[in-house]
Amino acid sequence: MPSDTLPSRAELWRRLRPCMLGEPKPNTLPGGRSEALRRLHAYDPSAYGRTRNYLDAPVSRLSPYLRHGMISAVEVREHLRTKFPHDSARCEEFLRQLAWRDFFEKVLAWYGRSIDDDLEEPKHGVARSSRLPLDVLHGQTGLPCIDGMLAELFETGYLHNHARLWFAAYLCHFRGVRWQQGAKLFRQFLYDGDIASNSSSWQWVESTFAAKPYFMNRTNIATFSNGRWCDTCRVRCPFDADYPTLQQRLFGGATAPLANPTSAIPLLPPSPDGSPALTSPVPATAELPTSDCGTLDSAPSVQPASDLVWVHDAALSWEDPALKANPTATVVFVIDEPRLRAEPWAAHRWAFVLDGLDDLFQHLPNEHRHLWIGDPVECLSELARRSGAGTIHVSEHPNPWVVETCEILRRTFRVVVHPRPTLAEYTDEPRRFSRYWERVAPQILGYRPKPKSRWHS
Ligand SMILES: Cc1cc2nc3c(=O)[nH]c(=O)nc-3n(C[C@H](O)[C@H](O)[C@H](O)COP(=O)(O)OP(=O)(O)OC[C@H]3O[C@@H](n4cnc5c(N)ncnc54)[C@H](O)[C@@H]3O)c2cc1C
């Protein structure tokens with residue numbers, strides 16, 4: 001996309017290289033608020049409740065835009081309620097799913113960085129490995145369905161929710177890998193890769209944030225994928241059994257902690273070349289050099305300013321509260337180089353975010369906007385010093401690096417955190433979605449839904 005407000009894409013790709021996996025490619029998902037609004041207005045959730053569990057269902061694919069704050073969940077809800085004022089049931093299931101995002105953000109706000117540790121004891125006694133097997137990393141497990149999902153993840157940056165559940169169950173329960181390894185892979189490759197929904201969902205599958213582990217069988221995959229892989233599959237299928245048999249095979253029949261957790265280590269299928277499972281190639285943080293703080297602006301002159309607005313990667317909208325409240329302030333986006341060197345994003349994610357940034361910068365009312373690369377605290381402090389700003393504005397977000405950056409900046413500057421509208425007020429500890437939903441559904445839907453016998457999450 002041509003840009004008159006950012007450096008050329010070629011220059012950005014060059015600077016982003018240490019923070020990037022793979023090569024930039026054409027036809028990536030277009031990012032930006034303008035595109036998000038276009039997609040939202042074109043979306044019809046009428047069939048969602050009936051079809052959403054099928055891979056070819058007309059799901060919204062709005063999550064990348066929601067993840068990066070290009071639109072908000074509140075805007076999505078308001079749009080749907082205005083579009084279907086007399087037919088609220090049409091949107092009910094869609095809004096209930098949207099509420100999962102809000103619930104998981106509340107989980108992150110509550111637990112902070114601990115969301116990357118087991119939130120509860122697993123409800124099984126099976127040991128896990130911290131190594132991501134190479135055949136998984138290469139998308140060559142030999143199982144057409146799993147390799148198909150991995151190819152889709154690596155190539156398109158998107159997986160349907162059911163495919164995410166299947167893959168997570170495969171990695172945790174059938175391969176015995178710790179959920180954190182899978183969550184990291186998703187964060188790097190999914191356009192919507194985040195902490196809140198991602199870590200919580202992996203924990204839900206693993207049973208460290210649920211009453212029992214989630215797993216599937218072949219019939220489930222064949223049904224909801226419309227036979228996409230199973231119809232022609234000839235391999236010995238590890239999922240081809242009924243649920244009690246699989247439960248016995250995977251957990252020794254137990255879904256409560258066993259006395260000796262190491263006694264039931266599952267046999268990992270060997271990788272295609274017979275080699276043992278190896279570690280992920282993503283290098284450890286400690287070995288990485290940190291970067292200097294630097295500007296990527298094409299015209300890097302810094303204007304005197306009393307206030308700065310720090311736009312983070314979950315706030316890429318000109319409707320963002322911090323920007324709306326400060327239309328004349330200097331605006332800065334910082335590419336968090338130390339964090340992204342430690343956990344690089346796939347090139348398609350970068351293309352999406354840069355589109356979003358481009359769109360944002362073009363819609364800002366004032367000219368004083370900057371793109372910097374480096375440690376956010378250092379960059380923001382340096383820019384504030386150069387412009388003489390004493391106040392830094394930012395919109396609220398539970399992501400730990402946003403929270404922690406604000407805490408450090410507060411030692412030197414006045415930091416104003418602007419609250420974001422949320423789908424629902426819920427102040428209890430968020431443990432189970434069912435309890436949360438029971439309480440917040442009237443706030444989100446505008447009425448109390450009829451009780452359902454069984455919710456499929
Ligand atoms: C193992 C695993 C990892 C996941 N990782 C992420 C992640 O990194 N980022 C992310 O945004 N979502 C994640 N999800 C949740 C969910 O799969 C995606 O939000 C959804 O598939 C996105 O596609 P969509 O926008 O077409 O969703 P739709 O089906 O159209 O749903 C509309 C919106 O509702 C929300 N939503 C729907 N289902 C869920 C759900 N189960 N959990 C949370 N929010 C939901 C999303 O914001 C979504 O955009 C994960 C799920 C699993 C099982």
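The values are calculated or read from the model by the stated rules, or taken from the named source; none is laboratory data. Only a predicted model underlies this, so the values are computations on that prediction, with no experimental measurement involved. Backbone-built Cβ (ideal geometry, glycine too); neighbour counts: all protein chains shown.
Every residue in region 52-66 that is loosely packed, with under 15 Cβ neighbours inside 10 Å and within 11 Å of the ligand (Cβ to nearest atom), please. Talk me through it step by step, then tell me what you get.
Start the filter on region 52-66 by keeping residues that are loosely packed, with under 15 Cβ neighbours inside 10 Å, which leaves 56, 58, 61.
Residues satisfying the conditions are P58, R61.
Looking at the structure I just gave you, is E105 near the ligand (Cβ under 10 Å from one of its atoms), in the same structural domain as Y436 (by TED's automatic domain parsing) and modelled with pLDDT of 95 or more?
When the stated conditions are applied, E105 passes them.
Return the residue satisfying two criteria in turn: it lies in region 149-191 and is within 21 Å of S60 (Cα to Cα) and basic (K, R), and of such residues it is nearest to the ligand (Cβ to nearest atom).
Step by step, filter region 149-191, then rank; the result is R164.
Consider D118 carefully, then state whether it is in contact (Cβ under 8 Å) with a residue 24 or more places away in the chain and under 21 Å from the mean Cα position of the chain (by Cα).
On the way: in contact (Cβ under 8 Å) with a residue 24 or more places away in the chain: yes; under 21 Å from the mean Cα position of the chain (by Cα): yes.
Criteria met by D118.
Just to be sure, is R369 touching a helix residue (DSSP H, G or I) at 6+ places or on another chain (Cβ under 8 Å), farther than 26 Å from F84 by Cα and modelled with pLDDT under 95?
yes
Name, by its number, the condition in (1) over 13 Å from L55 (Cα atoms); (2) in contact with a Lys or Arg (Cβ under 9 Å, 6 or more places away or on another chain); (3) within 11 Å of the ligand (Cβ to nearest atom); (4) assigned to a loop (DSSP other than H, G, I, E, B) that does not hold for K212.
(3)
What do you reckon, is N220 part of a helix (DSSP H, G or I) and within 8 Å of the ligand (Cβ to nearest atom)?
no
Within region 15-38, which residues are touching a helix residue (DSSP H, G or I) at 6+ places or on another chain (Cβ under 7 Å) and not aliphatic (A, V, I, L, M)? If you could, list the steps in order and put the result at the bottom.
So in region 15-38, the residues touching a helix residue (DSSP H, G or I) at 6+ places or on another chain (Cβ under 7 Å) come out as 16, 18-25, 28-34, 36.
Listed by number, the residues that qualify are P18, C19, G22, E23, P24, K25, T28, P30, G31, G32, R33, S34.
Out of all the residues in region 28-37, is one or more more than 13 Å from the ligand (Cβ to nearest atom), β-branched (V, I, T), more than 26 Å from W401 (Cβ to Cβ) and outside any helix (DSSP H, G or I)? It would help to see each step written out before you state the result.
Of all residues in region 28-37, those more than 13 Å from the ligand (Cβ to nearest atom) come to 28, 30-35, 37.
Then drop every residue that is not β-branched (V, I, T), which leaves 28.
Within this subset, residues satisfying the condition of being more than 26 Å from W401 (Cβ to Cβ) are none.
Checked against the condition, which is being more than 13 Å from the ligand (Cβ to nearest atom), β-branched (V, I, T), more than 26 Å from W401 (Cβ to Cβ) and outside any helix (DSSP H, G or I), region 28-37 yields no hits at all.
Given the structure, is G69 at positive phi, modelled with pLDDT of 95 or more and buried (at least 23 other Cβ atoms within 10 Å of the Cβ)?
On the way: at positive phi: yes; modelled with pLDDT of 95 or more: yes; buried (at least 23 other Cβ atoms within 10 Å of the Cβ): yes.
It is true that G69 is at positive phi, modelled with pLDDT of 95 or more and buried (at least 23 other Cβ atoms within 10 Å of the Cβ).
Among the residues of region 170-184, is there at least one that is assigned by TED's automatic domain parsing to the domain that holds T232 and on the phi > 0 side of the Ramachandran plot? Give the derivation first.
Step one: list which residues in region 170-184 are assigned by TED's automatic domain parsing to the domain that holds T232, which gives 170-184.
Remaining after also requiring on the phi > 0 side of the Ramachandran plot: 176.
Among the residues of region 170-184, at least one is assigned by TED's automatic domain parsing to the domain that holds T232 and on the phi > 0 side of the Ramachandran plot, which makes the answer yes.
List the helices (runs of 4 or more DSSP H) that sit entirely inside region 86-167 and contain at least 1 residues that are out of contact with any Pro (no Cβ under 9 Å at 6 or more places or on another chain) and charged (D, E, K, R). Talk me through it step by step, then tell me what you get.
Details: elements: 89-111, 134-137, 144-156.
In region 86-167, the matching helices (runs of 4 or more DSSP H) lie at 89-111, 144-156.
Against the condition near the ligand (Cβ under 10 Å from one of its atoms) and under 28 Å from D313 (Cβ atoms), how does D194 come out, does it pass?
Working: near the ligand (Cβ under 10 Å from one of its atoms): yes; under 28 Å from D313 (Cβ atoms): yes.
Yes; evaluated as a whole, the condition is true for this residue.
Please tell me if R187 is surrounded by fewer than 19 Cβ atoms within 10 Å (Cβ to Cβ) and closer than 20 Å to R52 by Cα.
no
Considering only region 332-348, state which residues are surrounded by fewer than 24 Cβ atoms within 10 Å (Cβ to Cβ) and either under 27 Å from N366 (Cβ atoms) or among the polar types (S, T, N, Q) (or both).
D336
In region 126-148, is there at least one residue being within 12 Å of the ligand (Cβ to nearest atom) and either in contact (Cβ under 8 Å) with a residue 24 or more places away in the chain or surrounded by 19 or more Cβ atoms within 10 Å (Cβ to Cβ) (or both)?
Filtering region 126-148 for residues within 12 Å of the ligand (Cβ to nearest atom) gives none.
No: region 126-148 contains no residue that is within 12 Å of the ligand (Cβ to nearest atom) and either in contact (Cβ under 8 Å) with a residue 24 or more places away in the chain or surrounded by 19 or more Cβ atoms within 10 Å (Cβ to Cβ) (or both).
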